[in-house]
Amino acid sequence: MFAVLKTGGKQYKVQSGDVLRVEKLAAEAGETVQFNEILMVGAQVGAPTVDGAAVQAEVLDQIKGPKTINFVKRRRKHSSKRTKGHRQQLTVLRVTDILEKGGDKSGVKAAVGAGSVAAVAAVAAAPAKKAAPKAEAKKAAPKKAAKAEAPAGADDLKKLSGVGPALEKKLLDAGVTSFAQIAAWTEADIAEFDEKLSFKGRIERENWVEQAKELAKG
């Protein structure tokens, strides 16, 4: 008697004693598993499966199939090529018994794809892990850097055109704390600060030196 079973999205016609390779199952070598999705047994055709029918098989080994090469080339303005190898994980089985009835009461472990088991485990674990990332992120979040404060007696450099908190911090970090300092800058000083603080010509463009002279007068 023969049967047609379905596993891993494929159909297999088998008889007792047949050895076949199927997509990896969640089972160890030596275990007996049972396929319950039987499309046909002898002359009996399922609709779509045969109720109570089953195929039992012994797991002989877990192996990898032959290597296949996948080459993709995209002919576009920005062309790309990609070569990728793959070896399908397989389970080697020997069919031991074909049941026309009573498969649902046999008590033999159901043959389940390894991928399906992993998916079920991930879904089951999801609720427990859902809150963990937020708690860990909150715990590991670095403290915000304290806002840079101008030294006592320093001028409010933000009064210069185009100077905001970020540029003011750069100037303070470079030791520039007063309008008088900026008013006294020479061309060499302007070039030095422009390069060192990456102002990209802002000093001359905004005319900071002249502004600083006016602001220094109070």
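Applied to the range 64-71, the Karplus parametrisation 6.51 cos²θ - 1.76 cosθ + 1.60 on θ = phi - 60° returns per-residue 3J(HN,Hα) values of 10, x, x, 6, 10, 10, 10, 10 Hz, with x for Gly and Pro. Between amide H atoms placed 1.01 Å from N, distances below 5 Å from Ile38 occur with Val50, all of them 5 or more places distant or on a separate chain. In order along the range 203-216, phi translates into HN-Hα couplings of 4, 6, 5, 8, 6, 4, 4, 5, 4, 5, 4, 5, 5, 5 Hz, rounded to whole numbers, per the Karplus curve 6.51 cos²θ - 1.76 cosθ + 1.60 with θ = phi - 60° and x for Gly and Pro. Here the peptides 46-57, 202-213, 76-87 are ranked by packing, the mean other Cβ count within 10 Å, and the order with the highest first is 46-57, 202-213, 76-87.
May I have the pair-distance distribution P(r) for the range 1-57, computed from all Cα-Cα distances with 10 Å bins from 0 and rounded to whole percent? Using 10 Å bins, I get a P(r) of 22, 57, 19, 1 for the range 1-57.
The residues neighbouring Ile63, those whose beta-carbon lies less than 12 Å from its own, together hold a net charge of +2 under the Lys/Arg +1, Asp/Glu -1 convention.
The ranking of Phe179, Phe193, Phe2 by Cβ neighbour count inside 10 Å, starting from the fewest, reads Phe2, Phe193, Phe179. For Phe199, no residue 5 or more places off, or on another chain, has a built amide H under 5 Å of its own.
Applying the Karplus relation 6.51 cos²θ - 1.76 cosθ + 1.60 with θ = phi - 60° to the range 87-99 yields 3J(HN,Hα) values of 10, 5, 7, 10, 10, 9, 10, 10, 5, 10, 7, 10, 9 Hz, where x marks Gly and Pro.
Taking a sphere under 12 Å around the Cβ of Val92 and counting the other residues whose Cβ falls inside, with K and R at +1 and D and E at -1, yields a net charge of 0.
Once Rh for the range 157-216 is found with the Kirkwood sum over Cα pairs, what is the Stokes-Einstein diffusion coefficient at 25 °C and 0.890 mPa s, in µm²/s? Answer, rounded: 219 µm²/s. Near the amide H of Ala110, within less than 5 Å, lie the amide hydrogens of Gln34, all on another chain or at least 5 residues away, with H placed in the peptide plane.
Read-outs throughout are calculated quantities, based only on the coordinates presented, and are distinct from any laboratory measurement. Predicted, not measured: the structure shown is a model, and the values here were computed from it. Every residue, glycine as well, gets a Cβ built from its backbone with ideal geometry; the counts of neighbours run over all protein chains shown.
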